[in-house]
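S.K.: Below is a structure I'd like to ask you about.
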Amino acid sequence: MNGRTGQASILKTAFLLFGLGLFPAIGALSAPAGTESIPVQTEAIDRFRVGSEEKRFGSLEFVGGLELFSHSSKFGGISAIRMLDDRNFMGVMDTGYWYFGTLERDDVGRPSAVTDFAVGKILGNGELKYDSDAEGMVIDGNRVLVSFERDHRIGAFDLDLIPRSEGKIVPHPIPLNEFRSNAGMEAITIAPSGGALDGSIVVLTEKSLNKKGDIFAAVLSGSQKGVFFVRRWGRYDITDADFLPNGDLLILERRFNLADGLGMRIRRISAGEIRPGATVDGEVILEANLSNQIDNMEGLDVFQTPDGGTHIMLVSDDNRSILQRSLMLEFRLVDEQKTVN
């Protein structure tokens, strides 16, 4: 596991969720009380690079993907996803909602559909976008941590009471005056136990920059507690992050401007480099543009499959626009090479 539950295996996570009533014996997620089921249709994506049969992209192999559709006014704005195992998932939308669902797979393991999709209001927020702009999410034992931008904060919610209870504020060391309005608290994740950061919570801003033009981030606990920075280059902004089992940090970044167009990339950073005051950087293991099946890529999760493989799930935020798409894209980490695509 990547440390976000403090457990050593997917099996232990399943037992935790079963005990909390979120994980029934049949293997499909049971949406918590207080949620509303909404219909979601999907269309399979079998090629990541448009017009190409290529599956291998550096150290990643494309497993498959889905485009999600729904006529519900409560669907859209997906900002973060966390896979509870290789099928069940939950996450947050920047409209101030939780979401839950089950990923169906075909006979060779590729994503084939989404079922049992449900949403529930994140309580304790106002009705304005300023109050409810949820951007990142991570499961930490019996609680779920959610990062919000605009009204920059981290909320801690009881896992077994979602969505029926309000969150409690978690302190962080980033000065409030350093946050940019719509580019503040973005990604939140937890380092693996026993590694360089030993289970510490890590948060990263989208594009709150220091005087050198690098991105504010912070470790919230442990021996490396304090503010650090992520080198910004190529006009990319951070949208999510998660740790690999070996402790390396994967950072998802998005680019969108008239000069460069739409793009995304994943950088891999050694957790051993993260310490107070440091500016960290890492090699690009995946970079894509509109020649690939991408959109406004907002969420990244690292998870393990029953065969022990390490997989990465990416999701996009459609901004509730008919011109954009809600995507789920799955990759498998093929080897430990830090290869630039």
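The values are calculated or read from the model by the stated rules, or taken from the named source; none is laboratory data. Being a predicted model, the structure only gives us computed values, none of them experimental. Here the Cβ is made from the backbone with ideal geometry for all residues, glycine too, and neighbour counts use every protein chain on show.
S.K.: Limited to the range 226-235, what total is found for residues that are of a type in the set (Phe, Trp, Tyr) and either within 11 Å of ILE174 (Cα to Cα) or surrounded by 15 or more Cβ atoms within 10 Å (Cβ to Cβ) (or both)? Outline the logic, then answer.
M.R.: Residues of the range 226-235 of a type in the set (Phe, Trp, Tyr): 228-229, 233.
Checking which are either within 11 Å of ILE174 (Cα to Cα) or surrounded by 15 or more Cβ atoms within 10 Å (Cβ to Cβ) (or both) leaves us with 228-229.
Qualifying residue count for the region: 2.
S.K.: Take SER223 and tell me if it is surrounded by 16 or more Cβ atoms within 10 Å (Cβ to Cβ), free of Cβ contacts under 8 Å to residues at least 40 places away in the same chain and among the polar types (S, T, N, Q). Don't jump to the end; show me each part of the working.
M.R.: Details: surrounded by 16 or more Cβ atoms within 10 Å (Cβ to Cβ): no; free of Cβ contacts under 8 Å to residues at least 40 places away in the same chain: yes; among the polar types (S, T, N, Q): yes.
No, not satisfied.
S.K.: Just the residues that are under 30 Å from SER132 (Cβ atoms), of a type in the set (S, T, N, Q) and crowded, with 18+ Cβ neighbours inside 10 Å, please, taken from the range 49-92.
M.R.: Within the range 49-92, SER79, ASN88 meet the criteria.
S.K.: List the strands (runs of 3 or more DSSP E) inside the range 106-192, counting only whole elements, that have at least 1 residues being in contact with a Lys or Arg (Cβ under 8 Å, 6 or more places away or on another chain) and among the β-branched types (Val, Ile, Thr). Steps first, answer last, please.
M.R.: On the way: elements: 111-121, 134-140, 143-148, 153-158, 185-190.
Filter on the range 106-192 gives 111-121, 134-140, 185-190.
S.K.: Still on this structure, please answer the following. Looking at the range 310-341, which of the residues that are touching a Gly at 6+ places or on another chain (Cβ under 8 Å), at pLDDT below 95 and not hydroxyl-bearing (Ser, Thr, Tyr) is surrounded by the most Cβ atoms within 10 Å (Cβ to Cβ)?
M.R.: Among those residues, the one meeting the criterion is ASP317.
S.K.: Quickly run through the range 310-327 and pick out the residues that are part of a loop (DSSP other than H, G, I, E, B) and not hydroxyl-bearing (Ser, Thr, Tyr). Break it down into steps so the answer makes sense when it comes.
M.R.: We begin by selecting, within the range 310-327, every residue part of a loop (DSSP other than H, G, I, E, B); these are 317-325.
Passing the criteria: ASP317, ASP318, ASN319, ARG320, ILE322, LEU323, GLN324, ARG325.
S.K.: A follow-up question, please. Can you pull out every residue in the range 165-184 that is modelled with pLDDT of 90 or more and surrounded by 12 or more Cβ atoms within 10 Å (Cβ to Cβ)?
M.R.: Looking only at the range 165-184, we keep the residues that are modelled with pLDDT of 90 or more, and these are 166-172, 174.
Result: GLU166, GLY167, LYS168, VAL170, HIS172, ILE174.
S.K.: Restrict the check to the range 202-220 and report whether at least one residue is closer than 28 Å to ILE78 by Cα, assigned to a strand (DSSP E or B) and charged (D, E, K, R).
M.R.: yes
S.K.: Please name all residue pairs, on different chains or six or more residues apart, with Cβ atoms under 6 Å, provided the first residue is in the range 304-323 and is over 30 Å from ASN246 (Cβ atoms) and the second residue is in a strand (DSSP E or B).
M.R.: ASP318/SER326
S.K.: Which condition breaks for ASN142 when tested against (1) out of contact with any helix residue (DSSP H, G or I) (no Cβ under 7 Å at 6 or more places or on another chain); (2) among the polar types (S, T, N, Q); (3) under 26 Å from ARG87 (Cα atoms)?
M.R.: Every listed condition holds for ASN142 apart from (1).
Okay, residues lined up against (1) among the small types (Gly, Ala, Ser); (2) within 15 Å of VAL63 (Cα to Cα):
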{"site": "ARG254", "(1), (2)": "no, no"}
{"site": "THR279", "(1), (2)": "no, no"}
{"site": "GLY282", "(1), (2)": "yes, no"}
{"site": "ALA288", "(1), (2)": "yes, no"}
{"site": "ASN292", "(1), (2)": "no, yes"}
{"site": "GLY309", "(1), (2)": "yes, yes"}
{"site": "ASP318", "(1), (2)": "no, no"}
{"site": "ILE322", "(1), (2)": "no, no"}
{"site": "LEU329", "(1), (2)": "no, yes"}
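S.K.: Follow-up question, since we're still on this one. What is the number of the single condition among (1) outside any strand (DSSP E or B); (2) of a type in the set (A, V, I, L, M, F, W, C); (3) in contact (Cβ under 8 Å) with a residue 12 or more places away in the chain that PHE62 does not meet?
M.R.: Evaluating PHE62 over (1) outside any strand (DSSP E or B); (2) of a type in the set (A, V, I, L, M, F, W, C); (3) in contact (Cβ under 8 Å) with a residue 12 or more places away in the chain leaves (1) as the failure.
S.K.: Next up: When you check ARG232 against the structure, is it in a strand (DSSP E or B) and either small (Gly, Ala, Ser) or under 20 Å from the mean Cα position of the chain (by Cα) (or both), yes or no? Spell out the reasoning first.
M.R.: Values: in a strand (DSSP E or B): no; either small (Gly, Ala, Ser) or under 20 Å from the mean Cα position of the chain (by Cα) (or both): yes.
No, not satisfied.
S.K.: Quick check on ASP307: is it at pLDDT below 95, over 19 Å from PRO192 (Cα atoms), outside any strand (DSSP E or B) and of a type in the set (Asp, Glu)? Break it down into steps so the answer makes sense when it comes.
M.R.: Values: at pLDDT below 95: yes; over 19 Å from PRO192 (Cα atoms): yes; outside any strand (DSSP E or B): yes; of a type in the set (Asp, Glu): yes.
Against the criterion (at pLDDT below 95, over 19 Å from PRO192 (Cα atoms), outside any strand (DSSP E or B) and of a type in the set (Asp, Glu)), ASP307 qualifies.
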